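To start, the structure under review is shown below, and the notes come after it.
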């Protein structure tokens, strides 16, 4: 099989869909990192968002209702981190691990209590997100297939990435947020309410991750499965680390992981066992981390040699 026959429009379309929840979660982690809150709870937030989206869609008969449920309940879930790490000065790593465990257990419990099923809940009453078809580009080979078959959340994810980048580095608000993360005491002496900025940012980031969860359960499929976030939140954490809290660099890392995720699905369709193909995104993640760490060590060594010269 040639490379061109393997890389098809459907593969690229699948990659774009896979990128969306990781990108939104990574954008949330980047915002939290900029205000000095290390967010490792994106795995649990994605799971809560995915579950809430299905509940909202099923209850209201509307995909928009599902998206609103996902945003609201993920923001409420994020209150644990927002107040735990700022007002109560708790260890954000410990809080985030607890949130991830809570999300996994709580969604599995509520799935049984609310719908009487375990594992997966699928019902015709769940209304999925509509794919936007753009007539102007729909007939263009490749381009039409890829960009004319995405949900509104996918388009919104990239718009938000650009908007957050501009806000972060081109506006007074972005300057204040970066100031809060870089030197909270100095920001406080300038009259900035550090706690309020951190709480508001973490809650806004929770809404972004809730959008990612809605894409996961209503955009790609129209169902909820236990632990369906499947490590995407952890991959988003790695993307934030690789991007060094810069939205655009984190987005590029998400593209790499999204392509790896879509590639694993395509390899499975070619007959490879799913136990093998499922590890592809995580292998890529580990390799990216290892290469980034090696590059960082070389840079530090060079800086040390320069300092002693």
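Derivation of every value follows stated rules applied to the coordinates shown; laboratory data play no part. Predicted, not measured: the structure shown is a model, and the values here were computed from it. So basically every Cβ, Gly included, is an ideal-geometry build from the backbone, and we count neighbours across all protein chains shown.
Each listed q (0.13 Å⁻¹) maps to a log10 I(q)/I(0) for the range 1-142, found by the Debye formula over equal Cα scatterers with no solvent: -0.74.
Each peptide in 159-172, 238-251 was scored by the mean count of other Cβ atoms within 10 Å over its residues; highest first, the order is 238-251, 159-172. Each residue, residue 108 and residue 294, gets one label point 7 Å from its Cα in the Cβ direction; the gap between the two is 3.8 nm.
Look at the alpha carbon pairs under 8 Å that are at least 6 residues apart: their mean separation over the length of the range 1-106 gives a relative contact order of 25 percent. A P(r) calculated from all alpha carbon pairs of the range 82-130, with 5 Å bins opening at zero, reads 5, 16, 16, 15, 13, 12, 12, 8, 2, 0 percent. Of the residues 215, 17, 113, the one that moves most in a GNM of the chain with alpha-carbon contacts below 10 Å is 113. Packing-based ranking of 206-213, 123-130 yields 206-213, 123-130, ordered from highest to lowest mean Cβ neighbour count within 10 Å. The distance between label points at residue 132 and residue 152 comes to 0.9 nm (points 7 Å beyond Cα on the Cα→Cβ vector).
For the range 96-248, pairs of C-alpha atoms spaced more than 19 angstrom apart make up 68 percent of the total.
What the Cβ-Cβ distance of residue 79 and residue 175 gives, at R0 = 41 Å and to the nearest 0.05, is a FRET efficiency of 0.95. Treat each spin label as a single point 7 Å out from the Cα along the C-beta direction, and report the residue 117 to residue 248 distance in nm. In this crude label model, residue 117 to residue 248 measures out at 4.4 nm. Over all pairs of different C-alpha atoms in the range 1-84, the reciprocal of the mean inverse distance, the Kirkwood hydrodynamic radius, equals 14.7 Å. Our helix-only sum for the chain, with -39,500 (n - 2.57) per DSSP H run of n ≥ 4 divided by its residues, gives a mean residue ellipticity at 222 nm of -24500 deg cm²/dmol. Note that the chain shows a convex hull volume over its alpha carbon atoms of 173 Å³ per residue. Take 221-228, 185-192 and order them by the average number of nearby Cβ atoms within 10 Å per residue, most first; the result is 221-228, 185-192. P(r) tail for the range 112-165: Cα pairs beyond 19 Å make up 54% of the total.
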